[in-house]
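The values are calculated or read from the model by the stated rules, or taken from the named source; none is laboratory data. Note that the coordinates shown come from a computational prediction; the quantities given were computed from them, not determined experimentally. Don't worry about glycine lacking a Cβ; one is built from the backbone with ideal geometry, like all the others, and counts go over all protein chains shown.
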Amino acid sequence: MRRVVITGMGIYSCIGKNLSEVKESLYNGTSGIVFDQKRKDFGYRSPLTGMVEEPNLKGFLSRRERISMGEEATYAYVATLEALENAKIDQDFLDTNEVGILYGNDSTARSVIESVDKIRSKVDTTLVGSGAIFKAMNSTVTMNLSTIFRLTGVNFTISAACASGSHAIGMAYQLIRSGLQDMIVCGGAQEINELAMGSFDGLGVFSTNQDSTKASRPFDKDRDGLVPSGGGATLIVESYESAIKRGAPILGEIVGYGFSSNGEHISTPNIEGPSRAMIKALSQANLKANQIDYVNAHATSTPVGDANEAKAILGVFGENGPYISSTKSMTGHECWMAGASEVIYSMLMMEHSFVAPNINLENPDEDAAKLNLVNKTLNKKIDVFLSNSFGFGGTNSALIIKKVS
């Protein structure tokens with residue numbers, strides 16, 4: 001089995017449009033949550049969201065390329081440009097080497113609604129536009145990016161709710177580890193528009209806190225729900241041999257990927273499923289629990305979800321476990337993107353030797369109080385971290401990444 005490393009990263013997030021901006025926000029504990037009037041006017045009970053503007057790609061792509069891309073695909077494209085540059089990969093390299101793409105995405109709500117509305121109003125399907133089908137398919141990100149960058153390796157989308165981005169990295173790790181691919185572009189993307197999250201809001205799981213920057217409060221006893229968010233996050237994952245051969249910067253090594261299914265309620269998480277995923281990741285990494293320096297918790301700021309994850313982490317790591325925080329306290333829940341973006345957030349902490357704070361953590365609840373939670377930025381060397389991602393349907397993913405000395 002081959003070693004698998006990360007050589008490039010790119011991020012387009014509500015806390016920064018590039019790696020440098022995001023690092024500063026993480027270190028300073030800056031929230032990216034805002035009040036969105038469109039949501040209020042649309043009938044949302046919770047008008048809060050993480051927000052980024054849709055990038056203008058006119059200077060980068062032709063009209064033919066742009067008309068096939070929905071909101072989430074544009075975020076992914078910008079993140080991928082930064083990741084490729086970060087990894088020192090140009091188009092000549094992509095043209096002469098087999099590079100794959102695996103991306104997490106689980107909705108294209110705005111693109112679907114806009115195309116159906118156009119047909120409904122015109123009563124003529126021919127007027128919907130030639131790019132509509134490619135914007136509306138769940139595989140829109142991999143479909144567009146593989147075409148734009150002329151990729152010739154593995155090419156498919158991972159749809160696994162809020163664990164999509166994490167599973168995409170995990171699958172890339174497995175394919176490269178087994179020798180089936182040398183390099184894969186992977187990550188996650190999430191649309192932010194008000195059309196995408198209405199049914200989610202209707203479940204009553206979003207925070208109604210009047211203070212947007214205080215609304216996302218993972219592990220705090222006064223939390224009242226999550227805050228939706230989105231953007232794009234891309235990692236370049238390749239074999240150690242490939243990275244050494246081309247003199248690439250090695251940012252970290254993926255050493256464990258654990259996964260599981262709860263097999264119970266479709267939306268309510270349990271304790272056993274996440275525990276199994278973490279234990280599997282530790283086993284594959286051949287690491288003991290006390291060798292993990294930091295855990296980026298999935299913790300979305302929901303009452304049941306955070307409590308059950310706290311119990312799962314406590315069961316795996318014990319009361320004297322690793323430092324823990326949820327970056328969702330700053331970003332909100334980036335859904336299909338979260339599993340990839342949170343690996344990047346943790347990678348930036350590892351690179352710059354700090355643990356980002358779990359902001360808004362004023363009074364940890366009974367379960368969280370037993371964990372080694374960080375509520376203020378901690379200057380601390382990180383050699384190995386674990387990142388949790390869980391999703392509707394009971395899908396769980398845990399990734400372990402270590403620094404390469």
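For the range 279-321, enumerate the residues that are of a type in the set (Ser, Thr, Tyr) and either in a strand (DSSP E or B) or within 18 Å of Asn262 (Cβ to Cβ) (or both).
Within the range 279-321, Tyr294, Thr300, Thr302 qualify.
So is Val22 in a helix (DSSP H, G or I) and either in the same structural domain as Tyr103 (by TED's automatic domain parsing) or surrounded by fewer than 24 Cβ atoms within 10 Å (Cβ to Cβ) (or both) or not?
Judged against the criteria, Val22 is a match.
Go through Gly100, Gly59, Gly50, Gly16 for me and flag whichever is crowded, with 18+ Cβ neighbours inside 10 Å, small (Gly, Ala, Ser) and farther than 22 Å from Asn193 by Cβ.
Only one candidate qualifies: Gly100.
Does the range 302-309 contain at least one residue that is within 17 Å of the chain's Cα centre (by Cα) and within 30 Å of Ile15 (Cα to Cα)?
No, the range 302-309 has no match at all.
Give Ser275, Ser283 a once-over and let me know the one that is surrounded by 17 or more Cβ atoms within 10 Å (Cβ to Cβ), more than 16 Å from Asn358 (Cα to Cα), in contact (Cβ under 8 Å) with a residue 12 or more places away in the chain and not assigned by TED's automatic domain parsing to the domain that holds Tyr75.
Answer to the selection: Ser275.
Only one of these conditions is not met by Val52: (1) of a type outside the set (Asp, Glu); (2) closer than 23 Å to Tyr103 by Cα; (3) touching a Leu at 6+ places or on another chain (Cβ under 9 Å). Which number is it?
(3)
So for the range 162-177 (the condition being under 30 Å from Ala369 (Cα atoms), modelled with pLDDT of 95 or more and either outside the structural domain of Asn28 (by TED's automatic domain parsing) or of a type in the set (S, T, N, Q) (or both)), does at least one residue qualify?
Yes, the range 162-177 has at least one match.
Checking the structure you have, find out if any residue of the range 331-344 is in contact (Cβ under 8 Å) with a residue 60 or more places away in the chain, within 21 Å of the chain's Cα centre (by Cα), assigned to a loop (DSSP other than H, G, I, E, B) and not assigned by TED's automatic domain parsing to the domain that holds Thr108.
yes
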